[in-house]
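Engineer: This is the structure, below, for whatever I ask next.
Each reported figure results from applying straightforward, stated rules to the coordinates on display, with no laboratory input. Keep in mind it's a predicted model, so treat the numbers as computed, not measured. We place every Cβ from the backbone using ideal geometry, glycine too, and count neighbours over all the protein chains shown.
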Amino acid sequence: MFRKLHEPGAQALTLTIDGVPVRAEPGETVAAVLLRQQTAASRTTPVNESPRAPYCMMGVCFDCLAIVDGVASTQTCLVTVREGMRVERQFGKRSVLP
Ligand code: FES
């Protein structure tokens, strides 16, 4: 649905989303990168597993929750990308165990 107006340049970095390498630019949020993917959903709801994707992009709606570097329920719109970051979509209820 979304795409960058230009491709990441020499400053591009690589993170993984569900194990797939993805390029991004320093300063982008993880939510912005998720919205550019084929499947923009970052999570499913715990009750009926409806897909949710980043919406407000300012930390209000909680629709952008995902697992970032092993930390569940991370608000991806508030986290900027880092080299080697591991992002996983969060399905259903989050686990309280590491
Ligand atoms: S997109 Fe709404 S809280 Fe992150």
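Engineer: Go through region 1-48 and report how many residues are of a type in the set (S, T, N, Q) and within 22 Å of residue 59 (Cβ to Cβ).
Structural biologist: So the answer is 5.
Engineer: Quickly run through region 49-98 and pick out the residues that are assigned to a loop (DSSP other than H, G, I, E, B), over 19 Å from residue 26 (Cβ atoms) and away from the ligand (no atom under 13 Å from the Cβ).
Structural biologist: Across region 49-98, the qualifying residues are 49, 50, 70, 89, 91, 92, 93, 94, 95, 96, 97, 98.
Engineer: Further, regarding this structure: State yes or no: is residue 45 more than 15 Å from the ligand (Cβ to nearest atom) and surrounded by fewer than 17 Cβ atoms within 10 Å (Cβ to Cβ)?
Structural biologist: So residue 45 does not fit the description; no.
Engineer: Report every pair of residues separated by at least 6 positions or lying on different chains whose Cβ atoms are under 9 Å apart, first residue within region 39-60 and over 20 Å from residue 95 (Cα atoms), second within 14 Å of the ligand (Cβ to nearest atom) and β-branched (Val, Ile, Thr).
Structural biologist: 54/29; 54/30; 54/76; 57/29
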